[in-house]
There are 4 protein chains.
Amino acid sequence: MVRVGVLGGRGYTAGELLRLLVRHPEVEVTAVVSRKELGEPISQVHPWLRGQLDLPLTQSNNVQLAGQCDCVFSCLPHTASAEAVGELLKLGVRVIDFSADFRLNDLETYEHWYQVKHPVPQLVGQTVYGLPELFRDEIRSANLVANPGCFPTTAILALTPLILADLIQSEGIIVDSKSGVSGAGRQADEAYSFCEVNEATSAYKIGKHRHMPEMEQIITRASQRATQILFTPHLVPMNRGILSTIYANPNPGTTLETWTECLTEFYRAEPFVDVVSHLPKTSEVVGTNRCVISVSRSRGRVVIVSCIDNLLKGASGAAVQNFNLMYGFPETTALG
Amino acid sequence: MVRVGVLGGRGYTAGELLRLLVRHPEVEVTAVVSRKELGEPISQVHPWLRGQLDLPLTQSNNVQLAGQCDCVFSCLPHTASAEAVGELLKLGVRVIDFSADFRLNDLETYEHWYQVKHPVPQLVGQTVYGLPELFRDEIRSANLVANPGCFPTTAILALTPLILADLIQSEGIIVDSKSGVSGAGRQADEAYSFCEVNEATSAYKIGKHRHMPEMEQIITRASQRATQILFTPHLVPMNRGILSTIYANPNPGTTLETWTECLTEFYRAEPFVDVVSHLPKTSEVVGTNRCVISVSRSRGRVVIVSCIDNLLKGASGAAVQNFNLMYGFPETTALG
Amino acid sequence: MVRVGVLGGRGYTAGELLRLLVRHPEVEVTAVVSRKELGEPISQVHPWLRGQLDLPLTQSNNVQLAGQCDCVFSCLPHTASAEAVGELLKLGVRVIDFSADFRLNDLETYEHWYQVKHPVPQLVGQTVYGLPELFRDEIRSANLVANPGCFPTTAILALTPLILADLIQSEGIIVDSKSGVSGAGRQADEAYSFCEVNEATSAYKIGKHRHMPEMEQIITRASQRATQILFTPHLVPMNRGILSTIYANPNPGTTLETWTECLTEFYRAEPFVDVVSHLPKTSEVVGTNRCVISVSRSRGRVVIVSCIDNLLKGASGAAVQNFNLMYGFPETTALG
Amino acid sequence: MVRVGVLGGRGYTAGELLRLLVRHPEVEVTAVVSRKELGEPISQVHPWLRGQLDLPLTQSNNVQLAGQCDCVFSCLPHTASAEAVGELLKLGVRVIDFSADFRLNDLETYEHWYQVKHPVPQLVGQTVYGLPELFRDEIRSANLVANPGCFPTTAILALTPLILADLIQSEGIIVDSKSGVSGAGRQADEAYSFCEVNEATSAYKIGKHRHMPEMEQIITRASQRATQILFTPHLVPMNRGILSTIYANPNPGTTLETWTECLTEFYRAEPFVDVVSHLPKTSEVVGTNRCVISVSRSRGRVVIVSCIDNLLKGASGAAVQNFNLMYGFPETTALG
């Protein structure tokens, strides 16, 4: 049994993570840390855990945590997460970090886009990006895995094989994403109150969203082609799910068939990526750890639809998939 | 032209009120007061006002307001509202108060249910309850009208005629109400965030909601029968609309036909109450100032469904209806 | 391994049932029958099954089915279900029937409320009502289990212990239920189209819903007290979940504490019924096989809130719970 | 008073149209035609009309209609609409046609995209496209106005001024649109049932939607530049509203400021187009006849967000705006 702890236990990603972990036959959850509702059972915050996990929420104390846990999942916000991660690694704990602190290659890009000083700059560039479909081997032996962002997961999985195979151009790509509201996390914010979000769709942070450089860097890292992406996120009135519509320019001589075949082959053995011939709905993947991808052609362009459950393949499902790799369990354990 | 001011201008009820007032041919909106976004145009908060009302939000100053306005609508929360109302009345301004501060008959009930000291106790019991269907004449000459609560509007309109006519018992009544989320107002509160409310229904404040004594007191006042009501509000994932399902014990010898005829007759000349023979949906009344009522019989009981748009007949529409009466305009002006 | 078949495989309850069955370690799904999309893989209809269950949909043929299956779950509509069930039983197949055909005690009530001739009248009154919390022993040895209706599950679980213990009166009960839309099944009907249901709440079939006699008969059967219930269902804009608000008259000398203690004790050992002290939301139980019950007191009445996921504890979860009992598997298998 | 008739009166666009027309001081609605619910009052279908318009639904009879109406709004589907329109024009009635039958320039494109024979081919290419912001003068004197499609309205208003001013390239444009469900019309279709659409986002008809050639033809007509557009529509779980995110390549030397200024100037005097500096939500325009446009720059591209209420500026509001022009009424009558 691997003893597991969770930092930031009240959030939606932590809730889904714990839902998966209590089903995992090789996991014992030994600590759930939170700033709020200290001492209350975690099942009060995430009621579906009642009777399965009633641990009281505890205060952050990394030394104590290191005594209780072999592996920690950090669902803390950026910078707060890096601080905890740095200490836990030193104490010999393996970490899966949900924040963006260790996803980018270089300090400069991080500090430019996040507008903060990085708390443990020495670790930046050393870590593994936790997308098993591209970095499976590195994940197996990693002590620190940077769990991918939700939007980047849809884009990186859809684009990397096509760029690697020189079927599409790596510049001039547009990713137009539609996300459910849980992506914004659990919070008291008028902008995310029901009446503001319900019966409304909006674009936000055009050209300013931090997942844009993440997409570019990871695809560049995986494909060795300098990749440039214009990313526009939208908020849609649903709890869960992301659908990204991706527009790219094909290389000459390529066709819908070659694009489709490339993706189908690349993911043939993958348990959690499906290349399909219909146009998928987000509801097909909600509640699963799958990414479903469909390719079309229109007006001479490649149009790819890629969708996931932002809380599972876009966060907690991916984290458990990474955990399974790190500890040598079958990759689909607790995710079936 | 009546010069009109609005206190608490950022809220949802104020937004709907201003939507109606800019259409009113006899109204000039001269001031909109708010604590937040001072100096910004009100049309930034309520975008449908753009080009029609771009007044900047101003700070509260009752003396100045009295110079600018003949009539003020207060959308402030309780106690804050009473304080402003007391001062404005002294300054000669007529007031329509959306808060509960002047709805109850007696100080003791108010202070028990609201758990506060009333700021202007001398006015309690002196004011008119702004339900035109029951108190039209008093409203015409009132300087202060207590605009009804949203849930009470559904219950009082459905029950009063039947109690007055001795067709049903005034005790043992149950009002089970389902409300859209705008009833909770515009606020940053985790409990009303999209993901908490969407795909969820819940009961709240069973036996503790402040609209329970309001229903009882007003029906008692209008019918002269001591009325007792068990009230259970529920939150339903929609922006607007209230549907109340009301259970009462019939008096002997009465039938579905006599109940229906009583309500039909009582509201025959009313422009905003419809007694219908089908079971209504809230979407029928959303966007209108109507209350739609339907009567059924089951297992020997009277079952009444009564529904309104909580922001219109349950708040701002009723307020404009009261305003029209106070100033002698046709009652349906700006409400058609 | 038990070989299992499903009739009516395209519906929402069948979809949830299959989601559970593919996780069940002792089940092999050998046939899924449907009138539509014959020959297509069931995973095309319920995409979360992709890669886990890709059986083609087959035409109804009871003899063939009896050769393939030890147990059949029928998700067919009433009368169609009874016909299939009658034949399958004769062929030695055990059946869990989701329809209402075998829930009621007597033919007369069935034919009055359903306005049809019963296709296999000789079986009426012989069958077991599949609510394990009340009829566990009978279920174990049954060849035909009548799976409970969704609304009745909330009411029967909340009321039966209190009536059995003589804490509340068995007459004069009101059950006011709010249901998500999946309760209406998968169908092309303007009344259930998105724009008709979204942003709307409505009551329907007041005094006429077929779950009313089901509630009364089963509580009467379990408690030996003649029970009378006024039942009002409502449609609420969400996919899943039922919340029933139940009003009953307490017997003299009883208190909130005695009611709560009675329910708590009754369900102490039950894995799927929680008696809680807060007011639950449907979202707490959606995705689980739980019924969550909370008791309050107001205006001298007992007010009980009882909620379930209509597709799980209200249909497919209950069915798997019954299946586990029938085959001697741990009752929570595939439901944890 | 202009005597007005409506064909296809049960639909959502007809409902909104009638909501506007009953408020119009110069309109008398004299006939509402429908295939279903014949003889029932139109207010039964659209309950907000109760007491304001209770005309019975009548069968289609163009001769009779020509006797009752000066102007007819056709909300019929394509081809059915063209047939009626052809006859009504001959009978001297002016027509505003909501269908696509007369929007395209040439028969070939129409018959290719709609896969039908056009019933009155001689009228194709003769008609006026009812977008007042571009074709106001032609509309004034037209006997037949082709009311624009909802998606095209967002794209044409956003793009035409920039193409006309040579600020952006007229090829390589992408329009990624997100629509509420009322755009699909009122219908019994499993695909548009609540549970299929709620909590789901999907792309549909990539490269195959009929509004793609409409966008291209009208922008080409208005700008005299051959325009090519890749259009991807998406379905989003809300009743009303369209938000289009539009990507275009700027011409050299142009900037965010020049694009914004161009649009601002072009629409300065327009009552129903707002160029704003924030990123708008669809809820800002729902219930209004406005198109709100916002321009951004990212990764060297022009990114425009354009949103409307699909039932108003995208259908019935535009139709009344056209009607006002055709009859010389102030353009904003009934639309304020």
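The values are calculated or read from the model by the stated rules, or taken from the named source; none is laboratory data. Source: prediction; values computed, not measured. Positions of Cβ are generated from backbone atoms using ideal geometry, with glycine treated the same way; all protein chains shown enter the neighbour counts.
Summary of computed values
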| read-out | value |
| --- | --- |
| Residue check, residue A:227 β-branched (Val, Ile, Thr), at the interface with chain D (Cβ under 10 Å from one of its Cβ atoms) and either part of a strand (DSSP E or B) or touching a helix residue (DSSP H, G or I) at 6+ places or on another chain (Cβ under 8 Å) (or both) | no |
| Some residue of region A:163-172 being crowded, with 21+ Cβ neighbours inside 10 Å, under 15 Å from residue A:263 (Cβ atoms) and outside the structural domain of residue A:72 (by TED's automatic domain parsing) | yes |
| Flag for residue C:244 being under 27 Å from residue A:42 (Cα atoms), modelled with pLDDT of 95 or more and touching a Cys at 6+ places or on another chain (Cβ under 9 Å) | yes |
| Residue under evaluation residue C:19, criteria (1) surrounded by 19 or more Cβ atoms within 10 Å (Cβ to Cβ); (2) in a loop (DSSP other than H, G, I, E, B); (3) touching a Gly at 6+ places or on another chain (Cβ under 9 Å), criterion not met | (2) |
| Single unsatisfied condition, residue B:222 versus (1) away from chain C (no Cβ under 11 Å); (2) part of a loop (DSSP other than H, G, I, E, B) | (2) |
| Scope region D:186-219; condition small (Gly, Ala, Ser) and more than 14 Å from chain A (Cβ to nearest Cβ); matching residues | D:188 |
| Given (1) in contact with a Leu (Cβ under 7 Å, 6 or more places away or on another chain); (2) under 26 Å from residue C:261 (Cβ atoms); (3) part of a strand (DSSP E or B), index of the condition residue C:156 fails | (3) |
| Subset of region C:286-333 that is within 13 Å of residue C:244 (Cα to Cα) and touching a Cys at 6+ places or on another chain (Cβ under 6 Å) - its residue that is farthest from the other protein chains (Cβ to nearest Cβ) | C:314 |
| Qualifying residues in region D:43-79 (those that are without any contact (Cβ under 8 Å) to a residue 60 or more places away in the chain and within 23 Å of the chain's Cα centre (by Cα)) - the one farthest from the other protein chains (Cβ to nearest Cβ) | D:79 |
| Residue match in region D:79-95 (condition: basic (Lys, Arg), in the same structural domain as residue D:141 (by TED's automatic domain parsing) and closer than 23 Å to residue D:19 by Cβ) | yes |
| Residue within region C:74-81 that is assigned to a helix (DSSP H, G or I) and not acidic (Asp, Glu) present | yes |
| Top-ranked residue in region C:110-130 [being touching a residue at least 60 places away in the same chain (Cβ under 8 Å) and touching a strand residue (DSSP E or B) at 6+ places or on another chain (Cβ under 9 Å); ranked as surrounded by the fewest Cβ atoms within 10 Å (Cβ to Cβ)] | C:129 |
| Residues within region A:171-191 that are over 18 Å from residue A:242 (Cβ atoms) and either in a loop (DSSP other than H, G, I, E, B) or not charged (D, E, K, R) (or both), tallied | 6 |
| Matching residues in region B:254-285 - criterion: being within 13 Å of another protein chain (Cβ to nearest Cβ) and in contact (Cβ under 8 Å) with a residue 40 or more places away in the chain | B:256, B:267, B:270, B:271, B:272, B:273, B:282, B:283, B:285 |
| Members of region C:46-73 that are in a loop (DSSP other than H, G, I, E, B) and of a type in the set (A, V, I, L, M, F, W, C) | C:53, C:55, C:57, C:69 |
| Criterion (at pLDDT below 95 and either within 14 Å of chain A (Cβ to nearest Cβ) or under 30 Å from residue D:328 (Cα atoms) (or both)) met by exactly one of D:130, D:149, D:183, D:172 | D:183 |
| Failed item in (1) over 17 Å from the mean Cα position of the chain (by Cα); (2) over 18 Å from residue B:72 (Cβ atoms), with residue B:123 passing the rest | (2) |
| Region B:151-200, subset more than 15 Å from the chain's Cα centre (by Cα) and small (Gly, Ala, Ser), residue farthest from residue B:253 (Cα to Cα) | B:188 |
| Residue tally, condition assigned to a strand (DSSP E or B) and surrounded by fewer than 24 Cβ atoms within 10 Å (Cβ to Cβ), over region D:203-215 | 0 |
| Boolean, residue C:126 is outside the structural domain of residue C:303 (by TED's automatic domain parsing) and either assigned to a loop (DSSP other than H, G, I, E, B) or over 30 Å from residue C:91 (Cβ atoms) (or both) | yes |
| Filter pass, residue C:92 being at pLDDT 95 or above, assigned to a strand (DSSP E or B) and closer than 23 Å to residue C:139 by Cα | no |
| Filtered residue count, region B:64-79, keeping only those that are within 17 Å of residue B:149 (Cα to Cα) and of a type outside the set (S, T, N, Q) | 5 |
| Residues of region B:120-153 classified as touching a Ser or Thr at 6+ places or on another chain (Cβ under 6 Å) and farther than 28 Å from residue B:256 by Cβ, total | 2 |
| Region A:1-11: number of residues that are crowded, with 24+ Cβ neighbours inside 10 Å and either among the aliphatic types (A, V, I, L, M) or in a helix (DSSP H, G or I) (or both) | 3 |
| Region B:192-234, residues that are touching a Phe, Trp or Tyr at 6+ places or on another chain (Cβ under 6 Å), of a type in the set (A, V, I, L, M) and within 27 Å of residue A:240 (Cα to Cα) | B:197 |
| Residue in region A:187-196 that is outside the structural domain of residue A:318 (by TED's automatic domain parsing), in contact with a helix residue (DSSP H, G or I) (Cβ under 7 Å, 6 or more places away or on another chain) and within 17 Å of residue A:171 (Cα to Cα) present | no |
| Count of region D:27-81 residues which are touching a Ser or Thr at 6+ places or on another chain (Cβ under 7 Å) and either charged (D, E, K, R) or more than 27 Å from residue B:287 (Cα to Cα) (or both) | 7 |
| Residues of region A:25-38 that turn out to be surrounded by fewer than 20 Cβ atoms within 10 Å (Cβ to Cβ) and either at pLDDT 95 or above or touching an Asp or Glu at 6+ places or on another chain (Cβ under 7 Å) (or both), as a count | 4 |
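Conditions (1) of a type in the set (A, V, I, L, M, F, W, C); (2) closer than 29 Å to residue A:123 by Cβ, marked per residue:
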residue	(1), (2)
A:44	no, no
A:59	no, yes
A:67	no, yes
A:73	yes, yes
A:80	yes, yes
